[in-house]
Structure formats: C-alpha cells, structure tokens
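Here is the structure we will look at.
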Amino acid sequence: MAFTGIVTKVGCMNKTATVTVYRNVIHKITGKRIERTTKILTHDEDNALRLHDKVLIRNCPPISARKRFKLEKIINSPETVRELAHTETITQS
C-alpha cells in the first residue's frame, strides 16, 4: 500500500520524518466532503527529507514501535527548488 503526503516534521529524530496524508471522506448524512488527515512516521535512510516535501511512502515490515513506512520517492521539494534557483542567480552575477 502506498500513500502520497506532505512532510510536516523532520530533524527531531534521526532517519525519521513525520508525513501527513490527506484523504477526503463523504459525510453519511449531509453528503459533504470532509478532509481527514493521518500522521505517519516514515523511515528516511539518508535524512534527505525537508519540510513541506511531497513524498510517496510505502508500507514495510516494522522498523520500530511506530514506524511502518519507508520513503519510496520524493515527488516535489520546494526547498531544493529554491536552493537551485538561488545558486543559479549567484552564478549568473
């Protein structure tokens, strides 16, 4: 099983990041959409994740008491994009 989510907490624990997964649920009576969230501890072997990264995580055998997911792929990283843009402006100057 794989989920896509956004990294909400990183750097507090070594090789671990908290990923928030969003899903929409339809209310049984009113029929309105409700956004539900789940916080998942994810194993990040290289400590490559940064705050607000969009990632793909996949379940795996338990790594610790609460870690059941591994990082599969970083889909989008706003921090990395910002750093690349900054280095390009420095090299052009």
- Message: Can you tell me which condition L51 does not meet? The list is (1) open to solvent by less than 80 Å² (accessible area, probe 1.4 Å); (2) more than 10 Å from V7 (Cβ to Cβ); (3) not small (G, A, S), and all the others hold.
- Response: (2)
- Message: Could you check region 60-71 and list, in sequence order, the residues that are open to solvent by 90 Å² or more (accessible area, probe 1.4 Å) and touching a residue at least 24 places away in the same chain (Cβ under 8 Å)?
- Response: R66, R68, K70
- Are any residues in region 37-46 touching a strand residue (DSSP E or B) at 6+ places or on another chain (Cβ under 8 Å) and either open to solvent by 70 Å² or more (accessible area, probe 1.4 Å) or small (G, A, S) (or both), and if so, which ones? T37, K39, E45
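I'd like the full set of residues that are more than 14 Å from V21 (Cα to Cα) and out of contact with any His (no Cβ under 7 Å at 6 or more places or on another chain), limited to region 52-67.
Within region 52-67, C60, P61, P62, S64, A65, R66 meet the criteria.
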- Query: In this structure, does K28 turn out to be in a loop (DSSP other than H, G, I, E, B), under 16 Å from the mean Cα position of the chain (by Cα) and modelled with pLDDT of 95 or more?
  - Reply: no
- Message: Looking at I57, I34, I74, I6 in this structure, which one is outside any loop (DSSP other than H, G, I, E, B), open to solvent by less than 100 Å² (accessible area, probe 1.4 Å) and in contact with a helix residue (DSSP H, G or I) (Cβ under 9 Å, 6 or more places away or on another chain)?
- Response: I74
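Go through region 10-20 residue by residue and tally those that are assigned to a strand (DSSP E or B) and without any contact (Cβ under 8 Å) to a residue 24 or more places away in the chain.
So the answer is 1.
The values are calculated or read from the model by the stated rules, or taken from the named source; none is laboratory data. The structure presented is a predicted model; accordingly, all values stated were derived computationally and were not measured. Note that we place each Cβ from the backbone using ideal geometry, even for glycine, and neighbour counts take in every protein chain shown. Surface areas here come from the heavy atoms of the whole protein model, side chains and all, with no ligands, DNA or RNA. Shrake-Rupley method; radii C 1.70, N 1.55, O 1.52, S 1.80 Å.
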